[in-house]
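To start, the structure under review is shown below, and the notes come after it.
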Amino acid sequence: MSTLEIKNLHVSVATEEGFKEILRGVDLTIKSGETHAIMGPNGSGKSTLAYSIAGHPKYTITDGSVTLDGQDVLAMSVDERAKSGLFLAMQYPVEVPGVSVTNFLRTAVTAIRGEAPKVRTWVGEVKEAMAGLNMDPGFAERSVNEGFSGGEKKRHEILQLALLKPKFAILDETDSGLDVDALRIVSEGVNGVKANSDLGVLLITHYTRILRYIKPDFVHVFANGRVVEEGGPELADKLEEKGYADYVNA
Amino acid sequence: MSVLTTNYLTPTGREEAWRFTPLARLGGLHDASVTLLDHPSLQVIGELPTGVKLSQSVSAPLSTTDDLVTERVRSAVSQELVLEIARDVELDAPIYLHRSGVSTGPEASRTLIKLGTHARATVIVENTGGGILAEEMEFSLDTGSHLTFVTLQEFESDAVFLARHHAIIGKDAQFVSTVVTIGGSVVRILPTVEYSGQGSSAELSGVYFATDGQHQEHRIHVDHNFPHAKSRVNYKGALAGNNAHSVWIGDVFIRANAEGTDTYELNRNLLLSDGARADSVPNLEIETGEIVGAGHASTTGRFDDEQLFYLESRGIPAELARRLVIRGFFAEIVSKIGIEVIQERIMDRIDSELSKVGE
Ligand SMILES: Nc1ncnc2c1ncn2[C@@H]1O[C@H](COP(=O)(O)OP(=O)(O)O)[C@@H](O)[C@H]1O
Ligand SMILES: [Mg+2]
């Protein structure tokens, strides 16, 4: 049983007019096995929260803490955070030309597990995970995310989730840009990992659509860089009806 | 023996062709201050297969040049090394030519590589060792022949190497060349191409990695002097450290008679640290509108931090992430060479350059 704890997190980015505060005191605790949905309008700071936890150098933490089972996440380098069990499925996965998916996955898994996977079982493991996400085996030889469609990029993120087996996964708008079929496949992929592990999920989304496939235990409404309301799954239904207007103008 | 007594041709550094080159470091190759020794320093490694002949002969150059150093080479060298692949001979293994530097003094060397009609071959030239060397290499490709040419500049850090590599590509023939420049102090190579028949094509690729104080210059010249010929130029370079300097010139000239020309040239540079400089000058001159396509692109940029972050966020340590991104950058060209051992060797060299760079 693990706990990811975010306390009073304040984050700024450097802009041309100086530092701009984007997160203004975020508090959130996730335990293994739980699924938390973070819902909020565009520009409310959802990706900033995700990137700050993962350690993107663009964001400066000005106050607060993030701990994983008491360990100071903010003191860790980016790769150490991944090794400690955090995973970020990105809203815009990055293209890395000339680095094949196979080579990338193998290198990442070797780094996370601390040893190279056994060649014999590894090939099967990747094949199976790819098949589960309806990915063509030919993907393995392509460059990471290069020329992938939006849906393919998102599947590739979930493929990594399945292979890296983190303790906590932050899914940043994994649903955006997916058609209904792709959304179902990707959601089943996430649910499959959840069923086989004690994964805790922080599901960031703008729309309620994905919540029909991945059921949240808790819903947090995010606006202006902080959590403004919290509740159970029923809160998502309310947002579906009324939108974010109440929170944005509050 | 070279007796270039007139001095008026000696470059001053103001000429377009020489404006980037550190003349003071050329060991006198560009002026008449040294006598060039006539020395065939290239050696064939292993047995030559049937259908391949190697000889020394007195033969006139096949092409004209306005490069002063090449003129000096021509007057210094009495016999050139001639490698001939007979017509219809298809080789399945590469021919390796090796040079382990120059010991006695500045040297000049001339080589001609000839492919008969429908011959197919791969020739790999390995340059190692130190010294001061000027060479001319000519390639003559008869109808329908195919030459894959790879040249590896793995010189020691004091070496000075000036070269002209000129290909004459016949009807339906293909010249596929990859220039790899990693070692040496000053390396200046002129890969040039002309055509002697239709349906011919040139693929000129290159990778280079310049670190502290190295000058690496590649001046490509493609003369589309024949209709319906194709050229593709793609050079990629990484630079790191103080006064690392690369120069890439891509001159493509489409003559009035060269209708149906299809050409594209590309140069990308990756600056890994401050203090390094990449000059990149694509230049396309078009005298006819009746072409299939003509284009060029040139970029010089820094490391993409987003790529590094993406890899690191998957547990890959920063140093390894850098290595993957750089290998990936070069892979586009290196992986196309098609000779596994050479590809691995180039990637190993790139890795070891990178490890010298550090942070
Ligand atoms: N580098 C930056 N410079 C200026 N503003 C930024 C920068 N990065 C993010 N922002 C701003 O921070 C806010 C939050 O962005 P983001 O976290 O991407 O929101 P969300 O993911 O909820 O759409 C937005 O108003 C955005 O414009
Ligand atoms: Mg976002």
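The values are calculated or read from the model by the stated rules, or taken from the named source; none is laboratory data. Since the structure is predicted, the reported quantities are computational estimates derived from the model, not experimental observations. Using ideal geometry, Cβ is built from the backbone for each residue, glycine included, and neighbour counts are taken over all protein chains shown. These area figures cover heavy atoms from the full protein model, side chains too; ligands, DNA and RNA do not enter into them. Shrake-Rupley method; radii C 1.70, N 1.55, O 1.52, S 1.80 Å.
Structure summary
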| read-out | value |
| --- | --- |
| Selection within the range B:248-269 - farther than 17 Å from B:Val233 by Cα, open to solvent by 20 Å² or more (accessible area, probe 1.4 Å) and not polar (S, T, N, Q) | B:Arg255, B:Ala256, B:Glu259 |
| Leading residue by the ranking (farthest from ligand 2 (Cβ to nearest atom)) among those in the range A:2-45 that are of a type in the set (Lys, Arg) and in contact (Cβ under 8 Å) with a residue 24 or more places away in the chain | A:Lys31 |
| Selection status of A:Thr3, more than 16 Å from ligand 1 (Cβ to nearest atom), of a type in the set (Ser, Thr, Tyr) and under 26 Å from A:Gly177 (Cβ atoms) | no |
| Every residue from the range B:51-68 that is under 14 Å from B:Met137 (Cα atoms) and of a type in the set (Val, Ile, Thr) | B:Thr64, B:Thr65 |
| Residues satisfying the stated conditions in the range A:66-113, i.e. among the hydrophobic types (A, V, I, L, M, F, W, C), touching a strand residue (DSSP E or B) at 6+ places or on another chain (Cβ under 8 Å) and more than 9 Å from chain B (Cβ to nearest Cβ) | A:Val66, A:Leu68, A:Val73, A:Leu74, A:Ala89, A:Val101 |
| Selected residue (criterion: nearest to B:Gln343 (Cα to Cα)) from residues of the range B:312-329 that are within 7 Å of another protein chain (Cβ to nearest Cβ), crowded, with 21+ Cβ neighbours inside 10 Å and over 24 Å from the mean Cα position of the chain (by Cα) | B:Leu324 |
| Enumeration of residues in the range B:265-295 that are closer than 23 Å to B:Ile249 by Cβ and in contact (Cβ under 8 Å) with a residue 60 or more places away in the chain | B:Arg268, B:Leu272, B:Ala276, B:Asp279 |
| Qualifying residue in the range A:44-65 (condition: open to solvent by 80 Å² or more (accessible area, probe 1.4 Å), within 16 Å of ligand 1 (Cβ to nearest atom) and within 14 Å of another protein chain (Cβ to nearest Cβ)) | yes |
| B:Ile333 vs. criteria part of a helix (DSSP H, G or I), within 14 Å of chain A (Cβ to nearest Cβ) and closer than 28 Å to B:Gln198 by Cα | yes |
| Number of the condition not met by A:Val219 [criteria: (1) in contact (Cβ under 8 Å) with a residue 60 or more places away in the chain; (2) surrounded by fewer than 18 Cβ atoms within 10 Å (Cβ to Cβ)] | (2) |
| Any hit, the range A:181-189, residues being in contact (Cβ under 8 Å) with a residue 40 or more places away in the chain, over 20 Å from A:His36 (Cβ atoms) and touching an Asp or Glu at 6+ places or on another chain (Cβ under 9 Å) | no |
| Criterion violated by B:Pro11 - all others in (1) part of a loop (DSSP other than H, G, I, E, B); (2) under 19 Å from the mean Cα position of the chain (by Cα); (3) modelled with pLDDT under 95 satisfied | (2) |
| Residue identified as touching a strand residue (DSSP E or B) at 6+ places or on another chain (Cβ under 9 Å), of a type in the set (D, E, K, R) and open to solvent by 20 Å² or more (accessible area, probe 1.4 Å) among B:Arg164, B:Arg188, B:Arg219 | B:Arg219 |
| Subset of the range A:167-195 (residues that are more than 16 Å from ligand 1 (Cβ to nearest atom) and part of a loop (DSSP other than H, G, I, E, B)) | A:Lys167, A:Leu178, A:Asp179 |
| The range B:18-43, residues that are of a type in the set (A, V, I, L, M) and surrounded by 15 or more Cβ atoms within 10 Å (Cβ to Cβ) | B:Leu23, B:Leu26, B:Leu29, B:Ala32, B:Val34, B:Leu36, B:Leu37, B:Leu42 |
| Residue in the range B:284-295 that is within 14 Å of chain A (Cβ to nearest Cβ) and either open to solvent by less than 70 Å² (accessible area, probe 1.4 Å) or outside any loop (DSSP other than H, G, I, E, B) (or both) present | no |
| Residue check, A:Asn224 more than 16 Å from ligand 1 (Cβ to nearest atom), at positive phi and either open to solvent by 70 Å² or more (accessible area, probe 1.4 Å) or within 14 Å of chain B (Cβ to nearest Cβ) (or both) | no |
| Meets criteria (under 21 Å from A:Leu49 (Cα atoms), touching a Leu at 6+ places or on another chain (Cβ under 8 Å) and among the hydrophobic types (A, V, I, L, M, F, W, C)) for A:Val228 | no |
